[in-house]
Amino acid sequence: MTTTLAPISFGEDSPAPYWRLSETGTNVSLRGLSAVDDDVIWASGAAATVIRSLDGGETWKPCGPDGYGDLEFRCVCAFSANDACIASAGTPAVLLRTEDGGTSWKETYRAESDAAFFDAMQFWDADRGLAVSDPVDGRLLVVETNDGGRSWKKLSTELPLARPGEAAFAASNSSLLVGEDGRLWFGTGGAESDTSRLYTRSGWDQPWHAVSVPMPSSQASGIFAICQGPAIAGVTTATPLFCVGGDYRATETSAVTACISLDDGRTWQHVTVQPESFRSDVMEIPEGSPLARFLITVGPSGTDLSNDGMNWTPFSAIGFHCLSAGKTKVFACGSDGRFARLE
């Protein structure tokens with residue numbers, strides 16, 4: 001597929017957007033971010049850190065669980081100012097929930113295997129959710145909840161066999177995307193191959209399938225994030241899927257950092273103009289923002305924007321690991337406790 005580069009213009013009367021940085025009170029790496037709305041935001045990361053803001057990121061308070069030492073909580077899913085779930089990346093692989101704004105936490109799941117390593121956790125609604133771990137005994141470990149994370153059980157569906165070395169990346173809690181009626185997409189890497197894999201499911205209780213994505217896979221490369229985007233004018237009226245990633249060790253431009261699917265994730269191809277280098281998260285900017293329906297992707301080396309998903313333009317050299325959107329605002333966080341709001 002080829003399209004003409006669509007340059008990004010903000011108009012003479014519109015100020016150029018920018019990242020507005022705010023202090024979080026921590027210097028740890030933040031890889032989990034969940035905005036309930038434009039005011040209530042939760043973030044999580046290294047050293048068992050969880051922080052919460054009630055004013056759109058202007059001020060933060062620590063609210064992490066006690067007794068978990070240096071465990072990294074790279075996934076956070078928040079439902080309100082009081083209710084949230086977190087998942088650990090590392091051993092032990094645990095899931096926790098709070099119902100009082102982080103004053104207290106209850107451990108609701110602990111994996112039995114030392115091979116378990118939670119990469120992503122997402123919810124369809126206030127009750128139904130999934131958490132996905134690296135393979136245990138040759139297949140991804142997937143646990144599900146039907147009560148908002150108060151209890152979890154292993155998914156009964158048998159998943160495809162993992163490739164040797166296959167794993168996912170707990171970089172931004174964005175390698176898992178959930179859609180309507182139980183649909184989902186989950187990206188991996190890890191295996192030495194010219195292609196990464198995407199696990200898909202078409203609905204509740206449906207079988208999982210693995211498809212190839214033309215993004216190189218290795219111990220340090222693969223699919224890091226997936227999102228749905230707006231239809232591409234003149235190309236398709238379908239809702240496209242986008243995935244980003246690359247090699248997180250790369251200090252220069254990676255050959256492939258983004259791919260697109262126009263058939264619900266069954267087949268994939270490279271975008272026309274790639275993001276500048278490795279990217280760990282991607283999302284569509286919500287309605288109400290001056291950049292509504294643009295796509296934004298971030299990584300340690302900076303931020304790129306696209307108004308069609310096929311052509312990406314560098315936007316900022318400030319690095320982030322992950323993104324989340326409130327009702328109209330986009331937020332980002334990253335290393336050294338960095339947090340910003342897109343203005």
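The values are calculated or read from the model by the stated rules, or taken from the named source; none is laboratory data. Computed from a predicted structure; not experimentally measured. Reconstructed Cβ throughout: ideal geometry from the backbone, glycine too, with neighbour counts over all protein chains shown.
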Being charged (D, E, K, R) and at pLDDT 95 or above is the filter here, so list the residues in region 267-287 that pass it. Arg279, Asp281, Glu284
Looking at Glu107, Glu158, which is the one that is in a strand (DSSP E or B), over 20 Å from the mean Cα position of the chain (by Cα) and either acidic (Asp, Glu) or buried (at least 22 other Cβ atoms within 10 Å of the Cβ) (or both)? Glu107
Of all residues being under 20 Å from Gly165 (Cα atoms) and touching a residue at least 40 places away in the same chain (Cβ under 8 Å) in region 110-130, which is surrounded by the fewest Cβ atoms within 10 Å (Cβ to Cβ)? Just the residue, please. Phe117
Is it the case, given these coordinates, that Arg97 is in a strand (DSSP E or B) and either farther than 21 Å from Ala332 by Cβ or among the β-branched types (Val, Ile, Thr) (or both)? yes
Residue list for region 308-324, filter: under 24 Å from Asp37 (Cα atoms) and crowded, with 20+ Cβ neighbours inside 10 Å: Phe320, His321, Cys322, Leu323, Ser324
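Determine if region 328-342 includes at least one residue that is more than 28 Å from Asn27 (Cβ to Cβ), of a type in the set (Lys, Arg) and over 14 Å from the mean Cα position of the chain (by Cα).
Looking only at region 328-342, we keep the residues that are more than 28 Å from Asn27 (Cβ to Cβ), and these are 328.
If we keep only those that are of a type in the set (Lys, Arg) too, we end up with none.
Scanning region 328-342, I find no residue that is more than 28 Å from Asn27 (Cβ to Cβ), of a type in the set (Lys, Arg) and over 14 Å from the mean Cα position of the chain (by Cα), so the answer is no.
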Are any of the residues in region 202-213 in contact with a Gly (Cβ under 8 Å, 6 or more places away or on another chain), more than 20 Å from Pro240 (Cα to Cα) and modelled with pLDDT under 95? yes
Only one residue in Arg183, Arg201 is surrounded by 18 or more Cβ atoms within 10 Å (Cβ to Cβ) and of a type outside the set (A, V, I, L, M). Which one? Arg201
With over 18 Å from Gly246 (Cβ atoms), surrounded by 23 or more Cβ atoms within 10 Å (Cβ to Cβ), in contact with a Leu (Cβ under 7 Å, 6 or more places away or on another chain) and modelled with pLDDT of 95 or more as the only criterion, which of Gly149, Gly138 stands out? Gly149
Residues of region 139-188 satisfying the condition of being under 20 Å from Trp268 (Cα atoms) and among the acidic types (Asp, Glu): Glu166
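Regarding Thr103, is this residue touching a residue at least 12 places away in the same chain (Cβ under 8 Å), within 25 Å of His321 (Cα to Cα) and among the β-branched types (Val, Ile, Thr)?
Details: touching a residue at least 12 places away in the same chain (Cβ under 8 Å): yes; within 25 Å of His321 (Cα to Cα): no; among the β-branched types (Val, Ile, Thr): yes.
Here the answer is no, as Thr103 does not meet what is asked.
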Quickly run through region 214-246 and pick out the residues that are outside any strand (DSSP E or B) and modelled with pLDDT of 95 or more. Pro214, Met215, Pro216, Gln219, Ala220, Pro240
